[in-house]
Every structure is written in C-alpha cells, then in structure tokens.
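Report on the following structure.
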C-alpha cells in the first residue's frame, strides 16, 4: 500500500476506500466532458495497449487473465503492463505530456479533479455494451446494485469499480476465544477491554498504521457517525460551518486519543507504516487493528494458519446511538479509468469490458479473497475465514452501509489535512477540542477556495 490506502479507494471506501455513487449529486456546471466512446466502435487490434496497475494489496497476478484474453482477441497488439504505487509521481507527468496509459487502476490520483478537468473519458457507453462472456446480456445487467451508479460526477460516469469493499476492526477470533474476550459494540466497552488486556497479558490492545493516520481516522469518524446519525456526515461532506465542532466528533476524538494516553497502543505505532503494523498484529503482538478488506491479502502470510482472521464493524458509542452497530462503510470500490488523451482509448475500454467479465472477476475474487462487482462473482470461490467474516458483516449491515465520507474523495487537500490532524491527535500534540477546531479551519478554507470544485451530498 502507498500513502493513499485502499480504504480511500474503496472509494476503500475504500476505500475510499469506499460505496454509493461518488458525486452524482454534484451541482456545478463544468466544461464539456470528453466524449463517450461510440457504442460498439471497433477496436484497432494493431494498436499497442498499456494498462497501469496499482501494485498494492491486490497485487498484479489478477491482471494476467484479462491481459491474456485481450492478447487472444487481438494477437497483433503489443499489450504492456506497467505497475507502481506512487501514481501521482508516475502518471501526472504523462497526463501533462499527453501520453497516459490506455487504462489505469486509479489509487492515488485525484479522481474528482481528473473528472472536472475532463482528463478522463465518459465510459457510460460501456454499460450498454454486451458483456464479454455473457452473450446477449448488457454489462449493466451483470453488475450488482449500485455499481453502475458509482464513479459518476455531474451525471457522467468516469470510473468503473471492481471490488465490493468494506473495512472495520480486525482481530484473531482464536485469540479472543482463548481469553474469553467478547468483541465490544461501544467505544467505552472497547477501552474497558483494552484495560483488561493490558492488565492480564503482555499483548498490546491496539496497533495501527501510524505513518498513514487515515487508517485510524476512518473508524473514529464511524464511531462519531453511529452516535450522531447520518446528518453529521452530510454536514461534514457539505463543508457546512461548524460541522467539525459537533459534540459527537469531539467525543470520538477523546475516545480514540485514550488509546495513546493510556498506553493501549503497541509501542511505536504512531511512527510505523502499514506493513510493520499489520505484520506485528498478524504475529500476535496486538489484538486489534483497523483496516480494509485487503488486510489478509497483504498480511495473511504473517499469521498462523489457525489465526481465524476476523473483521467486525467499528464500535459505536452507546445504547442511544442513532445508527446501529452493524453500520459499515463499504460498497463498490476501486476505480478503473480511461484517460481522455490515451493513444488507444477504445482498446482501454475493451480491456475494461474484459476485466469486469464474470470469468475475470471470479479469478480476481479467488486470488485476492475479495468480493467483486458482478453477479455470481464469488460463485465457486472458496472464501477464507477473513472473507467470510466480511461477507457476514456486509449481510448484517443491509442498507446500513455507506461510502467513505465524501469529503475524503472530493477534496484531496482536505483529506491530506485530516491525516495531519489525526497524527497530531494521536501524538497528543493537540487536544480533541483543538483537533476539532483545526479540522473546521481546514474545511472552511476548502469551502472558501474558488479554485476547488464543490460537490454536495
């Protein structure tokens, strides 16, 4: 994983990570979009094709099948795979020079800015094309609910997700069972369990990816969301005055800072990266860690075979919460994009059609232990304990699932500022109230900056 983790992308989320339609409700009028590829337009099979793969938690082995299928369909084409983690540094110069790859797995580039500047193509026509491996069936009819609507800015579809992602708090079910611990449903209960763990064992209650503090921002915001309800998220995403001064956010910040204040974190957590923290956790040095669904794919090799890697929803605050404990961030995630200045955009669109075929999505699910965006995408795929726990959490959430907080997707500068603020909070350089004021300042600056395109939830 790079500094932009997959929970933003789930987009985590995650993910961004995450995941409802990104900006389908955005209001401003912008310049004309790059034209959609003509429906059924012929691919020039002699043209070279380049796919840029984000070589992170999902790796690149999954790309072999779709690239081979493209080569089989167009044997004269020189098909090239390039990979990396620092997309901003690697691809921004190529966008400026007018020679970007033909298809990009975008984890790191500012998707909203690319859409606003029309540097990516309208791929809406793909939805009405015939599915690659299902004759007579349109692509849109092979997709799970919400997927076709995802990656839409100002009514135009620029991004195609490929995973159904989610995130939460991870632990070893075997470890909890051995000690008779029960996963807590509220944050005060979590802190009480942390006290018990610290007192009775030599295991750290928590660790997190301190070098990339957004990993901890995600659960902290979720705890606040559960306490205050959906209206809080709407106010924050819409950059409303004093949204960050909400008592639920300050309360959550107080609760999460307690992890550092009371010595519940694995020593040095604030300064270590995702690989170090996740490996330490998988080796049993800490009980809990926040992460998206790619955790097993990145760190499963470090855990014992009987670890029983398990994900559960983020704890709420109390019995009077306005959103249920089962609430998750998640849904369609990831972003496959076709640059407007690509040398072979029609080829890029065709490779995208292949990638989201049922056959390729089943292959992706099998290799990454991740749910995918097509119907039947996990049919015949034997899920691991970790993947099963995510599926159970998604099923239990039902309609109580939403995309990562939109401000983290729409406003990259504000996202980066929130990471800095979270680091300061966990290093105890600011109080929770000061953190809240700082975040409000960052949000107000974003709202007042005329150069930043605004969206509305």
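The values are calculated or read from the model by the stated rules, or taken from the named source; none is laboratory data. For clarity, every value in this text was computed on a predicted model and none was experimentally measured. All Cβ positions, glycine included, derive from the backbone under ideal geometry; neighbour counts span all protein chains shown.
Filtering the stretch 388-409 to residues that are touching a helix residue (DSSP H, G or I) at 6+ places or on another chain (Cβ under 8 Å), at pLDDT below 90 and not in a loop (DSSP other than H, G, I, E, B) leaves 401, 402, 409. One residue stands out in the stretch 75-87 among those that are out of contact with any strand residue (DSSP E or B) (no Cβ under 8 Å at 6 or more places or on another chain) and modelled with pLDDT of 95 or more: the one that is farthest from residue 48 (Cα to Cα), namely 75. On inspection, residue 118 passes the criterion of being on the phi > 0 side of the Ramachandran plot and not in a helix (DSSP H, G or I). From the residues in the stretch 124-153 that are in a loop (DSSP other than H, G, I, E, B) and under 21 Å from the mean Cα position of the chain (by Cα), which one is farthest from residue 453 (Cα to Cα)? Top of the filtered list is 144. Quick one: would you say residue 357 is more than 19 Å from the chain's Cα centre (by Cα) and crowded, with 18+ Cβ neighbours inside 10 Å? In short, yes. Only one entry in 269, 277 is farther than 30 Å from residue 47 by Cβ and within 21 Å of the chain's Cα centre (by Cα), namely 277. Within the stretch 88-113, being assigned to a helix (DSSP H, G or I) and modelled with pLDDT of 90 or more holds for 89, 90, 91, 92, 93, 94, 95, 96, 97. Residue pairs whose Cβ atoms lie under 6 Å apart, separated by 6 or more positions or on different chains, with the first residue in the stretch 168-189 and farther than 17 Å from residue 385 by Cα and the second in a strand (DSSP E or B), are 186/316. Given the structure, is residue 437 over 22 Å from the mean Cα position of the chain (by Cα) and assigned to a helix (DSSP H, G or I)? Spelling it out, residue 437 is indeed over 22 Å from the mean Cα position of the chain (by Cα) and assigned to a helix (DSSP H, G or I).
Selection over the stretch 282-308 of residues that are buried (at least 23 other Cβ atoms within 10 Å of the Cβ) and either modelled with pLDDT of 95 or more or in a strand (DSSP E or B) (or both) gives a count of 8. Taking the stretch 199-219 as the range and being surrounded by fewer than 23 Cβ atoms within 10 Å (Cβ to Cβ) and either modelled with pLDDT under 95 or closer than 16 Å to residue 257 by Cβ (or both) as the test, the residues that pass are 205, 213.
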